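Below is one structure; the comments refer to it alone.
Where a number appears in this text, it was derived from the coordinates with a stated rule and is not lab data. Only a predicted model underlies this, so the values are computations on that prediction, with no experimental measurement involved. Neighbour counts run over all protein chains shown; Cβ positions are idealised from the backbone, glycine included.
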């Protein structure tokens, strides 16, 4: 029912269509306009929803957990809320792990996984990541040509995520393609049945892993989930699969997207690339945060208003949907001077790329570590790389992930160091098993120990 | 200058420890931050603490004195 009061509440209106290609093409202009004119706006798109674009507004809203719900009530047991995707995909009866839950269950799941994903836990994996990166580059170093998405940025995050879960590393190719393709393939694409088929295969493997690990425990996040008690209950398998899928979805395509965009930018700015390589000890951290801010791989999250409230000067009603745009808030000139410029040494970089509040990205430490190791290795072994703009394929739309499908590059050929990818993955599997690397940091504190195979 | 991390607000973004590792330490299990300097921050670290305050996404760090 529309009333005058309702019209007054929704007077800041903006037609926000983030799933249209135009949103990607005009992103900076749209962000500037919304931040300036309507930092919180009502949009008629996707069934009608609120959009928060301003940095202070997103900050305040995202941290108001008492009025916001992430719940995706797939079985209609509570209030029927639709989770974090706007619009809700057709025919989904699938809850996206604890990112589509509220406390206390959400908190209990995070407590289960935190000791696998804290900075101390993640740093233990750094030698493994270096080995995987080295091997990926080996496969192409002698040819002078590489696709940074297909041959590096898609591979390393996937293999590492599976290792941390306790899934055999060699299964990475069952997982990587469906995760990547399901994000960039439009729903009406003729390729969609193939993607769905691959997704089914992935869930089949995931379900098999859960059963195997339950029967014969081996360390990793799946083991922790299989043994978890959540709010006094043993969770059903479907719920656990949602959590595993969240870890996989969060761990794969986002880091891929960040790495690809950053390498593309560094190719276009060779002087800045040299500076980053030379001054990496002081510049790599701030550059990483700046690439995170500028490219915001996960551009936003949906919420449902769980009680009538007024936040950031806007009145909301229970049940209304809200899009928190991390990507637009990261371009707010009030917080970030020259927001549409990349400044590798930017200070005060309070970006929202990992979200805010109780749902802050639980894998942020993995993302940062893997990104840095990949970029540094490319700078060392392919210092003059040039990305081919004609071959680069960006996602057509950035409603879900701001990613890239392909990023071919050329460089002066170099020499291999040690073994190739398949051999390295097999060797890392032995090391994972022997050293029980996937134990939580509360059990195993030491970093992975890897004898240099290549002397 | 004294520095304090509000444990309720901190969500473990870890920027403070990246910027000023001599001032902030991260919990081994959840990565949440605490200030390791109880008394006054040494003068040569004040600028870094100020940068950590500015950079905290949750605005969980405060200084006094």
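Annotations for the structure displayed:
- In the set (1) crowded, with 22+ Cβ neighbours inside 10 Å; (2) not in a helix (DSSP H, G or I), the condition left unmet by residue A:187 is number (1).
- Residue in segment A:258-279 that is more than 20 Å from residue A:377 (Cβ to Cβ) and in contact with a helix residue (DSSP H, G or I) (Cβ under 7 Å, 6 or more places away or on another chain) present: no
- Entirely in segment A:223-286, the helices (runs of 4 or more DSSP H) that have 3 or more residues that are within 28 Å of residue A:199 (Cβ to Cβ): A:237-251, A:253-268
- Note on segment B:26-56: among residues that are in contact with a helix residue (DSSP H, G or I) (Cβ under 7 Å, 6 or more places away or on another chain) and within 13 Å of residue A:349 (Cα to Cα), the one that is farthest from the other protein chains (Cβ to nearest Cβ) is B:52.
- Counted residues, segment A:111-168 - those being within 14 Å of another protein chain (Cβ to nearest Cβ) and in contact with a strand residue (DSSP E or B) (Cβ under 6 Å, 6 or more places away or on another chain): 1
Residue-wise test of (1) more than 19 Å from residue A:157 (Cβ to Cβ); (2) in a loop (DSSP other than H, G, I, E, B); (3) touching a residue at least 60 places away in the same chain (Cβ under 8 Å).
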{"position": "A:297", "(1), (2), (3)": "no, yes, yes"}
{"position": "A:302", "(1), (2), (3)": "yes, no, yes"}
{"position": "A:323", "(1), (2), (3)": "yes, no, yes"}
{"position": "A:334", "(1), (2), (3)": "yes, yes, yes"}
{"position": "A:338", "(1), (2), (3)": "yes, yes, no"}
{"position": "A:346", "(1), (2), (3)": "yes, yes, yes"}
{"position": "A:378", "(1), (2), (3)": "no, no, yes"}
{"position": "A:389", "(1), (2), (3)": "yes, yes, no"}
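- Identification of helices (runs of 4 or more DSSP H) wholly contained in segment A:20-109 with 1 or more residues that are farther than 22 Å from residue A:401 by Cβ and touching a residue at least 60 places away in the same chain (Cβ under 8 Å) yields A:27-37, A:55-62.
- Among residues that are in contact (Cβ under 8 Å) with a residue 12 or more places away in the chain, away from chain B (no Cβ under 14 Å) and not in a loop (DSSP other than H, G, I, E, B), residue A:342 is not included.
- Being free of Cβ contacts under 8 Å to residues at least 40 places away in the same chain, away from chain A (no Cβ under 14 Å), surrounded by 18 or more Cβ atoms within 10 Å (Cβ to Cβ) and under 11 Å from the mean Cα position of the chain (by Cα) holds for only one residue in B:3, B:23, and it is B:23.
- Sole exception among (1) buried (at least 20 other Cβ atoms within 10 Å of the Cβ); (2) farther than 25 Å from residue A:445 by Cβ for residue A:220, by number: (2)
- Residue A:370 meets each of the listed conditions (1) more than 14 Å from chain B (Cβ to nearest Cβ); (2) touching a strand residue (DSSP E or B) at 6+ places or on another chain (Cβ under 7 Å) apart from (2).
- The residues listed here are A:350, A:315; of these, the one that is away from every other protein chain (no Cβ under 14 Å) and touching a helix residue (DSSP H, G or I) at 6+ places or on another chain (Cβ under 8 Å) is A:315.
- Yes/no for residue B:11 being out of contact with any strand residue (DSSP E or B) (no Cβ under 8 Å at 6 or more places or on another chain), within 10 Å of chain A (Cβ to nearest Cβ) and at positive phi: no
- Every residue from segment A:15-40 that is more than 15 Å from residue A:327 (Cβ to Cβ) and touching a helix residue (DSSP H, G or I) at 6+ places or on another chain (Cβ under 8 Å): A:40
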